[in-house]
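First the structure, in the form of structure tokens, and then the observations on it.
The values are calculated or read from the model by the stated rules, or taken from the named source; none is laboratory data. Keep in mind the model is a prediction, meaning the values are calculated, not measured. Here the Cβ positions follow ideal geometry from the backbone for every residue, glycine too, while neighbour counts run over all protein chains shown. SASA here: full protein model, heavy atoms, side chains in, ligands and nucleic acids out. Shrake-Rupley method; radii C 1.70, N 1.55, O 1.52, S 1.80 Å.
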Amino acid sequence: MDFVFSFIGLLLLSPVFIVISVFLFVVNQGKVFFTQERPGKNTKTFKIYKFKTMNDKRGEDGKLLHDSERLTSIGKFVRKTSLDEIPQLINVLKGDMSLVGPRPLLTDYVHLYNDFQNRRHEVKPGITGLAQVNGRNAISWDQKFTYDVWYVENCSFLVDVKIIFKTFLKVIKKEGINAADSATIEPFTGYN
């Protein structure tokens, strides 16, 4: 079902995909996509695809500027409307991701997880998930992991349908996209 729905989704969203790609090509000097290694099921890494919402501007020290300084105007719109997630339908077609599941986090975090947190890798990661419909980037890391593990223990077709429905409502309301005072959520640092 993931394959069928993501294929249909890509077909239906192809006009939006093309328009966003053209705008991002212009503002990002030819760079349309952001790719990054992420841990998937059983922590097997894969390359995630997203629309590139931030430029590559660097400070005098040569390091990338803070996320909020690199977020482009078109990037803000694409992120606010969650359109930056559309390319992940390609990840679903490839079998790296599912439509619903715990969001794939950074590979740098894997060694920081305790046994409970690591359970999020017992299923494929998803484009949307229980944490996303319950606060997304506006909730704490503890809350995210609790939602992720609840999903692992209770995933079903009906749960997935409810999460997808709630996702559409969240996107329409534009809730929980950014953490307070930040373009992205604060990094996960693990627990002592």
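Below is a table of values for the structure above.
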read-out: Relative contact order computed over the chain (Cα-Cα under 8 Å; 6+ residues apart), in percent; value: 21
read-out: Accessible area in square angstrom per residue, segment 62-106, 1.4 angstrom probe; value: 41
read-out: Options (1) 1.07; (2) 1.01; (3) 1.17 - which one matches Cα Rg over 2.2 N^0.38 Å as calculated here; value: (2)
read-out: J(HN,Hα) series, segment 71-83, from Karplus relation 6.51 cos²θ - 1.76 cosθ + 1.60, nearest Hz, glycine and proline x; value: 6, 7, 5, 5, x, 4, 5, 4, 6, 4, 8, 6, 6
read-out: Packing-based order for 146-152, 53-59, using average beta carbon neighbours within 10 Å, highest first; value: 146-152, 53-59
read-out: Too-long pairs where the Cα-Cα distance tops 22 Å, listed order kept, from Lys47/Lys173; Lys47/Lys124; Lys50/Lys124; value: Lys47/Lys173
read-out: Mean Cβ count within 10 Å, highest first, over the residues of peptides 76-88, 36-48; value: 76-88, 36-48
read-out: Within a Gaussian network of the chain (alpha carbon springs, distance under 10 Å), most fluctuating of Val22, Val100, Val32; value: Val22
read-out: Residues whose placed amide H lies under 5 Å from that of Gln36, excluding near-sequence neighbours; value: Ile48
read-out: Expected 222 nm ellipticity per residue - DSSP helices of 4 or more, -39500 (n - 2.57), all of the chain, to 500; value: -13000 deg cm²/dmol
read-out: Inter-probe distance in nm under a simple model that places probes 7 Å from Cα toward Cβ, at Ala138 and Thr107; value: 3.3
